[in-house]
Amino acid sequence: MRWILLLLGLTLFCSTADAQTAPLALAADATSGQSYSLSIQILVLMTLLTLLPAAILSTSAFVRIIIVLSILRQALGTAQTPPNQVLLGIALFLTFFVMSPVISDIHENAATPYMDGEITATEAFNNGVTPLRRFMLDQTRDSDLHLFASIAGLGDIATVDEAPMSVIVPSFMVSELKTAFQIGFLVFIPFLIIDLVVSSVLMSMGMMMLSPMIISLPFKIMLFVMVDGWALLLGTLASSFYL
């Protein structure tokens with residue numbers, strides 16, 4: 001009971017001390033009216049950091065890049081080579097390379113003016129969403145956009161500017177998945193041909209107990225190295241985005 005009373009006393013003391021500090025909700029500003037206090041800004045920032053992985057997956061070029069790299073590893077038949085950490089690193093830095101114009105636009109028109117106190121948080125959010133919205137619409141198929149607009153009950157959208165973010169984001173992700181599988185199909189074809197040729201040769205020689213994957217793996221790696229496959233694939237992925 002003494003420990004419980006002590007804890008209750010400490011709780012009441014902390015509550016009294018917090019009540020004497022600055023308010024958490026809004027702080028008055030003589031120039032711009034009301035602005036969020038530092039505590040609320042920190043809380044919003046920490047919340048956004050927890051949602052950062054989902055935002056990267058759903059609004060950037062990461063989905064297309066990581067899917068194509070995963071299909072390439074499966075087509076080569078190298079199991080866990082390159083490992084997942086390497087593929088994630090390549091996908092993240094290539095995503096940063098592709099998204100660098102969008103990031104620069106957000107930094108110049110949203111982040112820097114907000115940190116300098118020239119615009120409010122709402123204006124900074126709107127300025128930051130605009131280039132990201134433009135990037136997603138450039139990669140989104142019209143059929144996917146109209147599909148999710150009809151599901152949302154918005155009817156036919158006259159212009160893409162009328163589409164809300166709740167429709168643009170799933171439309172963008174579906175379009176990215178389609179594009180990634182199309183590129184992955186083209187990547188898979190030459191390695192599939194090598195597997196078929198090696199399997200046919202082994203069958204004709206009567207080596208049915210020998211796995212064709214073991215024989216075809218060196219040939220696939222040699223072909224990929226001879227055509228400078230990494231530079232060709234990553235360059236194709238980077239140039240596949242309309243910026």
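FYI, it's all coordinate maths here, none of it is from the lab. A quick note: this is a predicted structure, and the numbers were derived from the prediction, not measured. Don't worry about glycine lacking a Cβ; one is built from the backbone with ideal geometry, like all the others, and counts go over all protein chains shown.
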For Leu154, what residues show an amide H to amide H distance below 5 Å, using hydrogens built from the backbone and excluding near sequence neighbours? none
Find how much the distance from Met165 to Leu210 grows on full extension, using 0.36 nm per residue of separation minus their present alpha carbon separation; answer in nm with one decimal. 10.8 nm
Peptides ranked, highest mean first, by Cβ atoms within 10 Å: ranges 186-196, 56-66: 56-66, 186-196
